[in-house]
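**Q** What follows is a single structure, and I will ask about it in a moment.
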Amino acid sequence: MRRKTKRGRPAAAAALLVALVVAAGTGCRPVTVTGAGTGASATGGRQLPTAPVTPPRSHAKPPSPTHHGRTHRPVMAPGAYGGRVRELQARLTQLGVFGRSPTGYYGSVTTAAVRAFQRRQRLPRTGTVQPATWNALRSRTHQPSRDELRPPTSRPIVAPDRRCLKGRVICISKKSGTLAWMVNGTVVSAMDVRFGSQFTPTREGTFRITFKSRRHVSTIYHTAMPYAMFFSGGQAVHYSADFAARGYRGASHGCVNVRDKARIAALFGAVGKGTRVVVHH
């Protein structure tokens, strides 16, 4: 009959256990047996995935950012557009810090103009319109008129030359790139214009219209010159389709090019031979 251990196991099992203890005592590497854990020996060399360890949840709130002084949400900032931006630009134009006609878009030019105004008023030069900036601007300007909000030209009309203040005059400014049709010092209509290049400059001075041609074609350059009003030899005020399409990137051969066809057509009908033309810088 086979001899059994106290738990009913064979005596051979007890002998094996004694052998393992002896081996461990002599420096041999024991077999590592792990539970339902991560050891490779317990799984025949296959690594089991481990469960992620979740850190204890903290109930403390993160610290709030430190604010030095009270902050306000901007009234207007770069990227904004609309009627309020147009009013902002018109008010800045009144103070001479915005050198273009209002567009209604808050871009880099408007940002620079706002900074210039803030510098003048010793306000933080943020380039955005904070309540303090807006209040200061409104207190130093008047409510823009319709023409100030939507001027007829893309560039502000400069103060007219003194020669343009009496009678009926086509007053042309090279400085602002505008033409103003004036009657006794009042601007009746205005339009954008461009001039000749440095090789064919537009003459400056006081002239008179000598000849009008509604559908004129240049005999030198063979180009159309609609609503031409000649004032100095071959130089004339006329509509330019090229100016309308390309803007100020081009130049004329000495004539005063007008971009707006409807406005030059109205001017053509309003003036006659002998009307004064003043071209000034």
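Rule-based calculations on the coordinates, nothing more; no lab input. Since this is a predicted model, take the numbers as computed values, not measurements. Neighbour counts run over all protein chains shown; Cβ positions are idealised from the backbone, glycine included.
**Q** Please report the spacing between the Cα centers of segment 84-121 and segment 226-281 in Å, no decimals.
**A** 30
**Q** Right, next: Using each residue's phi in segment 275-281, evaluate 6.51 cos²θ - 1.76 cosθ + 1.60 at θ = phi - 60° and report the 3J(HN,Hα) Karplus result to the nearest Hz, with x for Gly and Pro.
**A** So the Karplus estimates, Gly and Pro as x, are 4, 6, 10, 10, 10, 9, 9 Hz.
**Q** First measure r as the distance between the Cβ atoms of ARG162 and ARG73, then evaluate 1/(1 + (r/R0)^6) with R0 = 41 Å and state the FRET efficiency to the nearest 0.05.
**A** Efficiency, rounded to the nearest 0.05: 0.30.
**Q** Roughly what would the spin-label model give for VAL109 and VAL188, points 7 Å off Cα along C-beta, in nm?
**A** Result for the modelled spin labels: 2.9 nm.
**Q** Show me, for segment 216-227, the HN-Hα J-couplings you get by feeding each phi into the Karplus relation (A = 6.51, B = -1.76, C = 1.60, θ = phi - 60°), rounded to Hz, glycine and proline as x.
**A** 6, 10, 5, 7, 8, 9, 6, 10, 6, 9, x, 6
**Q** So what's segment 162-280 giving for Rg/Rh, alpha carbon basis, Kirkwood Rh from the mean inverse pair distance?
**A** My calculation puts Rg/Rh at 0.92.
**Q** Looking at segment 144-203, which chymotrypsin sites (Phe, Trp or Tyr not before Pro) are DSSP coil and have at most 14 other C-beta atoms within 10 Å of their C-beta?
**A** PHE199
**Q** Among residues other than VAL75 whose Cβ falls under 13 Å from its Cβ, what is the net charge (Lys/Arg +1, Asp/Glu -1)?
**A** Overall, the nearby charge balance is +3.
**Q** Taking the Cα centroid of segment 126-152 and of segment 177-211, what is the distance between the two, rounded to the nearest whole Å?
**A** 30
**Q** Loop only by DSSP, 14 or fewer other Cβ within 10 Å of the Cβ. Give me the chymotrypsin sites (Phe, Trp or Tyr not before Pro) in segment 202-247 that pass, ordered by residue number.
**A** Sparse-neighbourhood loop chymotrypsin sites (Phe, Trp or Tyr not before Pro): TYR221.
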